[in-house]
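Each remark here refers to the structure printed beneath this line.
Each value in this text was obtained by applying a stated rule to the coordinates, not by laboratory testing. All of these numbers come straight from a predicted model, not from anything done at the bench. Here the Cβ positions follow ideal geometry from the backbone for every residue, glycine too, while neighbour counts run over all protein chains shown.
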Amino acid sequence: MTQILYGIHPVKEALKSPHLQFQKIFIGTKQPHPSLQSVLDLAIKRQIPVTFSIKETLDKIENIIIKVETIATNVRMVSHLSDALITVNSKLNDIQKDIGLLKKKVGIK
């Protein structure tokens, strides 16, 4: 699942961790800033692509990702419900078989 980090400092700290993988870094400003430069330096060191973009574009990307994650969550919930229904159906079939066997034993059709 895609995860998004916001803000210079959280991204900077995450870039320091060799265990975290990045696909791309989007930056919504071109104004020089020491923390921004350290993010750029870490991205270059780890060979992570950096894209400069306007804030509105970043907001649109965020909204799209939130919608996709919501859909994925709903699909997982439906999948879990479907699995639960299959289990309940299986149990119901077992109960119906047991009732059929009991009816035969006591002579009920």
Of 82, 90, 38, the most mobile residue in a GNM of the chain (C-alpha springs, cutoff 10 Å) is 90
Toy charge model, Lys and Arg Cβ at +1, Asp and Glu Cβ at -1: the chain dipole around Cα centroid in debye, rounded to 20, equals 580
Checked against the positive end of the charge dipole of the chain (+1 on Cβ of Lys and Arg, -1 on Cβ of Asp and Glu, about the Cα centre), the farthest of 101, 37, 51 is 101
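Using 0.36 nm per residue, how much length does the chain from residue 63 to residue 46 gain when fully extended, once their Cα-Cα distance is taken away?
3.4 nm
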Only helices counted: for the chain, with every DSSP H run of 4 or more residues adding -39500 (n - 2.57) and the sum spread over all residues, [θ] at 222 nm is -23500 deg cm²/dmol
If one builds a Gaussian network model of the chain from Cα atoms under 10 Å apart, the most fluctuating residue listed among 99, 64, 44 is 99
Note: residue 101 to residue 21 extended length (0.36 nm per residue) minus current alpha-carbon separation gives 23.0 nm
Long-range amide H partners of residue 50, meaning residues 5 or more apart or on another chain whose placed amide H is closer than 5 Å, are 25
Its Cα gyration tensor gives the chain an equivalent ellipsoid whose semi-axes in whole Å, largest first, are 58, 15, 8
The relative contact order of the chain, taking Cα pairs under 8 Å that sit 6 or more residues apart, comes to a percentage of 23
